[in-house]
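Notes follow once the structure below has been shown.
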Amino acid sequence: MATTTAPDRATSILTVDLDAIVANWRLLGDRARPAACAAVVKADAYGMGATRVAPALAAAGCATFFVATIDEALDLRPHIPGAELFVLNGLLPGTEALFDAHGLIPVLNTLDQIAGWRAHARARGQSRPAAIHIDTGMNRLGLEAGQVARIAEDKTLLAGIETRLVMSHMACADEEGSPMNPAQRDRFATLSALLPGRRSLGASSTIFLGPDYQFDLVRPGAALYGVNPTPHRPNPMAGIARLEAKILQVRDVDTPMTVGYGATHRVVGKSRIATVAAGYADGYFRSLGNRGHGVIGGHLVPVVGRVSMDLITVDVGHLPADAVRPGMMMELIGPHHDVDALAAEAGTIGYEILTNAGRRAFRRYVGGSIPATT
Ligand SMILES: *Cc1c(COP(=O)(O)O)cnc(C)c1O
């Protein structure tokens with residue numbers, strides 16, 4: 001997608017606060033101690049820019065990173081040369097040499113992947129590092145209990161594989177009272193004890209479940225980027241993203257009139273409508289039509305009518321006339337309306353909002369120990 005590199009003509013701007021991400025990482029690390037704290041930077045650091053976020057975290061002392069795909073790892077590798085970099089989606093046949101050449105570590109999710117990595121180590125005549133993923137209740141990726149027992153009993157199955165990490169993933173960690181949580185933790189404790197290597201169970205929400213969930217390493221993603229890891233309590237994380245879009249036009253309307261595609265909003269009485277340069281192609285979901293809110297000058301304004309590809313319309317009739325003018329920016333995500341609030345209006349979760357937000361926006365980075373460039 002064409003993104004402008006010129007802030008003066010940008011109609012939408014995504015500002016990412018690298019210092020706030022680092023502060024969130026430190027807070028999570030404090031909660032998890034004595035476990036170490038890694039960072040999950042898959043999906044381009046949840047849309048925030050992995051090649052900017054990961055070096056800032058590495059400079060702050062983060063030594064371990066996780067991405068989903070090998071291509072994400074290849075893009076990121078030159079930016080964090082010294083860090084441990086795991087690929088969660090596993091080892092695809094034929095990619096072994098790439099893992100080696102770039103010092104990447106596969107998360108082995110199946111016995112076939114273990115066999116592939118074992119054969120590769122044998123061919124190399126050298127042991128190779130890996131993580132072993134155990135399924136404890138997600139039924140998504142990872143070995144079943146019987147398979148863990150098998151590789152624990154028959155040492156030849158892990159010959160040449162240096163087990164750096166044994167990991168699992170929680171299904172209901174954001175629901176504090178869920179019986180799934182202690183059940184998965186106990187299953188993981190039992191199964192992971194059969195294998196060598198550091199142990200890692202928790203992502204963002206798990207870190208808030210208590211000391212017996214932390215093991216040796218935690219793997220937060222969403223909480224680094226300001227999503228609330230404890231949805232039923234106040235958010236302990238700092239907001240890190242601000243997405244703004246430009247007001248392109250302001251129009252006085254009089255009854256009776258309708259706004260936008262499908263004429264889904266009917267103006268009753270005198271009002272004013274501002275047209276703003278963000279739409280579903282900017283990650284402003286169509287489900288926000290007649291439901292979302294933006295913020296102008298600190299005031300919440302409702303989206304009226306449908307969300308178009310490139311535009312939305314908001315009712316600003318309750319604001320003073322000079323408070324809304326073309327050229328001003330409206331906040332879509334930010335301190336007055338955070339990612340979780342927008343997600344609730346859109347009927348989704350903060351993760352989906354962030355990974356879609358501002359793909360067409362001019363990106364501005366603040367903070368971090370590395371000089372800002374575009
Ligand atoms: C995405 C992911 C994480 C991070 O999860 P958050 O909820 O974003 O903290 C950790 N571990 C695995 C295996 C993941 O897929």
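The values are calculated or read from the model by the stated rules, or taken from the named source; none is laboratory data. Here the structure is a predicted model, which means the values were calculated and not measured. Cβ sites come from the backbone with ideal geometry, for glycine too, and all protein chains shown count toward neighbours.
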Provide a single number: the residues in the stretch 101-140 that are at pLDDT below 95 and surrounded by 14 or more Cβ atoms within 10 Å (Cβ to Cβ).
2
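One line per residue, one yes/no per condition, for (1) touching a residue at least 40 places away in the same chain (Cβ under 8 Å); (2) more than 24 Å from the chain's Cα centre (by Cα); (3) over 23 Å from Phe362 (Cα atoms):
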{"site": "Ala278", "(1), (2), (3)": "yes, no, no"}
{"site": "Tyr284", "(1), (2), (3)": "yes, no, no"}
{"site": "Gly292", "(1), (2), (3)": "yes, no, no"}
{"site": "Ile296", "(1), (2), (3)": "yes, yes, no"}
{"site": "Leu300", "(1), (2), (3)": "no, yes, yes"}
{"site": "Ser308", "(1), (2), (3)": "yes, yes, no"}
{"site": "Leu311", "(1), (2), (3)": "yes, yes, no"}
For the stretch 243-251, does any single residue satisfy the condition of being within 17 Å of the chain's Cα centre (by Cα) and more than 16 Å from the ligand (Cβ to nearest atom)?
yes
Could you check the stretch 298-350 and list, in sequence order, the residues that are closer than 14 Å to Val250 by Cα, part of a strand (DSSP E or B) and charged (D, E, K, R)?
Asp315
Out of the residues in the stretch 189-206 that are in contact (Cβ under 8 Å) with a residue 40 or more places away in the chain and more than 15 Å from the ligand (Cβ to nearest atom), state the one that is surrounded by the most Cβ atoms within 10 Å (Cβ to Cβ).
Leu191
So, Val366, is that one touching a helix residue (DSSP H, G or I) at 6+ places or on another chain (Cβ under 8 Å), exposed (fewer than 15 other Cβ atoms within 10 Å of the Cβ) and under 20 Å from Ala238 (Cβ atoms) or not?
yes
Counting only residues that are out of contact with any helix residue (DSSP H, G or I) (no Cβ under 6 Å at 6 or more places or on another chain) and of a type in the set (S, T, N, Q), which one in the stretch 152-177 is surrounded by the most Cβ atoms within 10 Å (Cβ to Cβ)?
Thr163
Filter the stretch 105-147 down to residues that are away from the ligand (no atom under 16 Å from the Cβ) and either touching a Lys or Arg at 6+ places or on another chain (Cβ under 7 Å) or on the phi < 0 side of the Ramachandran plot (or both), then give me how many there are.
21
Kindly indicate the residue of the stretch 158-188 that is in a helix (DSSP H, G or I) and free of Cβ contacts under 8 Å to residues at least 24 places away in the same chain and also nearest to Glu96 (Cα to Cα) among those meeting that condition.
Asp186
